[in-house]
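The values are calculated or read from the model by the stated rules, or taken from the named source; none is laboratory data. Everything numeric in this text was worked out from a predicted model, so none of it was measured. Quick reminder, even Gly has a Cβ in these numbers, built from the backbone with ideal geometry, and neighbours come from all protein chains shown.
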Amino acid sequence: MNDWAGSAVLGVVLLIVLRGAAKGADVYAALLRGGRRGMEAAMGLLPALVGMTALLALLSASGLSDALSGILKPVLGLVGLPEEVTTLLLLRPLSGSASLTALEEVFARYGADSRAGRIASVLMSASETIFYTLTVYLGATKLKRLPWVIPVSLASYLAGATVCGLML
Amino acid sequence: MSRAWMVLVMAGCGVALATGSAPQAAEALLESGAGAVKLWLVLLGAMPLWSGLMEILRETGDVERLGRCMRKCLAFLFPGLKDEACWSAMGMNLAANILGLGNAATPAGIRAARLLEKQGSAGVNALAMLLALNNSSLQLMPTTVITLRAAAGAVHPADIWPATLVSSGVATVVAAVLMRIACTRRKRHE
């Protein structure tokens, strides 16, 4: 198979650098400045990743996550998703660190190129931490609640997940 | 999430103790830290690269340009909203969001939320729509996941890109349509 998407990644990098050059920007200085911000964001992630990896290890060793996957299997089957992605599907709207950990678990157990691995990849990248986003934005205002955001966001999440199950 | 973590840890420990799988569970728990660090190292390498590349686009003014273009395309989703400052923050938030620039999207979104709050019911509806669009997150470049796939040994790590575009695109359209319906119905009730 011709990996055109891999070439597209390189194309995007080239495009960004070309844009910078065309505008006369100091490309490398900008790369370092943005890189520092990215590093600061990434540095702070470790405690949450450790907490979530510990939780998922516990759930999987105690058999709880497999039991849950078994129970939800028929429901997931309705939208064409394999039971292997249950944990990720449930955790994705709640927490970024938890879903990254769940994604890694799917990769480790079934492989990144398996159907479950590919579906998990798309689920992860085509969705957001719905509850967290709402908390952050509401916290910045005096509003107590925003009607419809949660149901609409969950419905759109499920729609995206269904499309993903149909495509892969 | 704090409460979910607490409840789930209690459930995990309880079930492991009750079913006699406690020693294996303890072992898995103790070994999990190393896995977390491995995942963290991949992120630690990937995030500075992409946030650096995106900073170049910010410097050239392209993120802002994309924001202006998006507000023109999406004006029909935010009826009755005239305030220029709101629009500028919302445009920046949406543009940063589809480029995967969390660092820039959140401050712009918070600025938009504070400004929209003062705009009455049109502002509240607009904030609800903005959040629905943020949450469905049309994703142009799934860089983090591509990097994690590469690290996990995928043969073509980027081949999930088209599916991501379609899936997040459909989610975004569904979010916009549903929120539009919800807002119109609320207006009729008032």
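Selection over region A:103-117 of residues that are part of a helix (DSSP H, G or I), more than 12 Å from the chain's Cα centre (by Cα) and facing chain B (nearest Cβ under 7 Å) gives a count of 1.
A count restricted to region A:125-138 and to residues that are under 21 Å from B:T164 (Cα atoms), within 7 Å of chain B (Cβ to nearest Cβ) and either surrounded by fewer than 24 Cβ atoms within 10 Å (Cβ to Cβ) or touching a Ser or Thr at 6+ places or on another chain (Cβ under 6 Å) (or both) stands at 5. All conditions in (1) more than 7 Å from chain B (Cβ to nearest Cβ); (2) β-branched (V, I, T); (3) under 30 Å from B:R185 (Cα atoms) hold for A:T141, with the sole exception of (1).
Before we move on, is A:G111 at pLDDT 95 or above and not assigned by TED's automatic domain parsing to the domain that holds A:S156? In short, no.
If you take the residues of region B:139-156 that are free of Cβ contacts under 8 Å to residues at least 40 places away in the same chain, at the interface with chain A (Cβ under 7 Å from one of its Cβ atoms) and part of a helix (DSSP H, G or I), which of them is nearest to A:P151 (Cα to Cα)? Of everything passing the filter in region B:139-156, B:V145 is nearest to A:P151 (Cα to Cα). For region B:1-32, a residue qualifies if it is at the interface with chain A (Cβ under 7 Å from one of its Cβ atoms), over 12 Å from A:L55 (Cβ atoms) and of a type in the set (G, A, S), and the qualifying residues are B:A16, B:S21.
Restricting attention to region A:118-132, the residues being assigned to a helix (DSSP H, G or I) and within 9 Å of the chain's Cα centre (by Cα) number 6.
Taken together, B:V166, B:V177, B:V170 contain a single residue that is out of contact with any Pro (no Cβ under 8 Å at 6 or more places or on another chain) and more than 8 Å from every other protein chain (Cβ to nearest Cβ), which is B:V177. Which one of the conditions (1) surrounded by fewer than 21 Cβ atoms within 10 Å (Cβ to Cβ); (2) at negative phi does A:Y157 fail to meet, given that it meets all the rest? Looking at each condition in turn, A:Y157 falls short on (1).
Apart from one condition, A:A42 fits all of (1) on the phi > 0 side of the Ramachandran plot; (2) surrounded by 14 or more Cβ atoms within 10 Å (Cβ to Cβ); the exception is (1). Close Cβ contacts (under 9 Å, 6 or more residues apart or on different chains) running from residues in region B:165-184 that are charged (D, E, K, R) to residues that are surrounded by 17 or more Cβ atoms within 10 Å (Cβ to Cβ) comprise B:R180/B:L77; B:R180/B:M129. A:V75 passes every criterion in (1) among the β-branched types (V, I, T); (2) free of Cβ contacts under 8 Å to residues at least 12 places away in the same chain; (3) facing chain B (nearest Cβ under 8 Å); (4) farther than 21 Å from B:L49 by Cα apart from (3). If the condition is being facing another protein chain (nearest Cβ under 7 Å) and within 14 Å of A:A155 (Cβ to Cβ), then region B:129-138 contributes B:L131, B:A132, B:N135, B:S136. The residue that is surrounded by the most Cβ atoms within 10 Å (Cβ to Cβ), among those in region A:1-39 that are aliphatic (A, V, I, L, M) and assigned to a loop (DSSP other than H, G, I, E, B), is A:A25.
Tell me, yes or no, whether region A:86-102 has at least one residue that is part of a loop (DSSP other than H, G, I, E, B), closer than 27 Å to B:L101 by Cβ, more than 9 Å from every other protein chain (Cβ to nearest Cβ) and under 14 Å from the mean Cα position of the chain (by Cα). There is at least one residue in region A:86-102 that is part of a loop (DSSP other than H, G, I, E, B), closer than 27 Å to B:L101 by Cβ, more than 9 Å from every other protein chain (Cβ to nearest Cβ) and under 14 Å from the mean Cα position of the chain (by Cα). Candidates are the residues of region B:111-128 that are more than 9 Å from chain A (Cβ to nearest Cβ) and among the hydrophobic types (A, V, I, L, M, F, W, C); the one that is nearest to B:S88 (Cα to Cα) is B:L115.
Scanning region B:48-80 for residues that are more than 10 Å from every other protein chain (Cβ to nearest Cβ), surrounded by fewer than 18 Cβ atoms within 10 Å (Cβ to Cβ) and not basic (K, R) gives B:E64, B:C69, B:C73, B:L74, B:A75, B:F76, B:P79, B:G80. When A:A29, A:A41, A:A54 are checked against the criterion of being within 19 Å of the chain's Cα centre (by Cα) and modelled with pLDDT of 95 or more, A:A54 stands alone in meeting it.
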